[in-house]
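Written out below as structure tokens is the structure these notes cover.
The values are calculated or read from the model by the stated rules, or taken from the named source; none is laboratory data. None of these values were measured; they are calculated from a predicted model. All Cβ positions, glycine included, derive from the backbone under ideal geometry; neighbour counts span all protein chains shown. Side chains included, ligands, DNA and RNA excluded: accessible areas come from the protein's heavy atoms. Shrake-Rupley method; radii C 1.70, N 1.55, O 1.52, S 1.80 Å.
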Amino acid sequence: MFNFFKNKKKNDEYDLQIKTAALLINAAKIDENYTENEKKIIKKTLFEFGINNEKIPEVFDKAENIEKNSNQILEFTKEIKNTDEKFKIKVVEILYNIIYSDGTSDMYESNFMRRITGLLYLDKKVVGNIKEKIKNKLNKWHTSLTINVLNVN
């Protein structure tokens, strides 16, 4: 479990958790295919960020509502960009997990990630390494799944 919020006041921590979840939801909706798998990734992330199981539905619902009523990503990244680099990198890893959860990234998702990583002031090389790490992890998983399916037949 990550405790990136330990130095924040309770209200600031809660606001950052909601804004981070809203950004993740926004990423999941970019390709206009908001799946249950993406929702699971986001909820798992909330748990990893230290939100207890009883609070996850509340935070998730608030984040969905904020995302639905927002017209810009600056509202979400404003809080995140003021965190340490470790937190920003974790958010980018999760964003790439969401984007590649369907096995591919379209031009809208790629553009979204360029904008987000620029707004978070992350080095392009660091972001490229994160992207490749996630793609390789998912490719290995898809390959092993395919091999398992072929072996069953």
(request) Sort out which residues of the range 115-132 are open to solvent by less than 90 Å² (accessible area, probe 1.4 Å) and touching a residue at least 12 places away in the same chain (Cβ under 8 Å), and write them in order of number. (result) Ile116, Thr117, Leu119, Leu120, Leu122, Val126, Val127, Ile130, Lys131
(request) Look through the range 76-114, keep the residues that are assigned to a helix (DSSP H, G or I) and acidic (Asp, Glu), and return whichever of them is most open to solvent (accessible area, probe 1.4 Å). (result) Glu85
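Considering the range 41-56 alone, what residues qualify as being acidic (Asp, Glu) and touching a residue at least 12 places away in the same chain (Cβ under 8 Å)?
Step one: list which residues in the range 41-56 are acidic (Asp, Glu), which gives 48, 54.
If the condition is that a residue be acidic (Asp, Glu) and touching a residue at least 12 places away in the same chain (Cβ under 8 Å), then Glu48 is the only one that fits.
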(request) Quickly run through the range 34-55 and pick out the residues that are within 17 Å of Lys88 (Cα to Cα) and part of a loop (DSSP other than H, G, I, E, B). (result) Phe49, Gly50
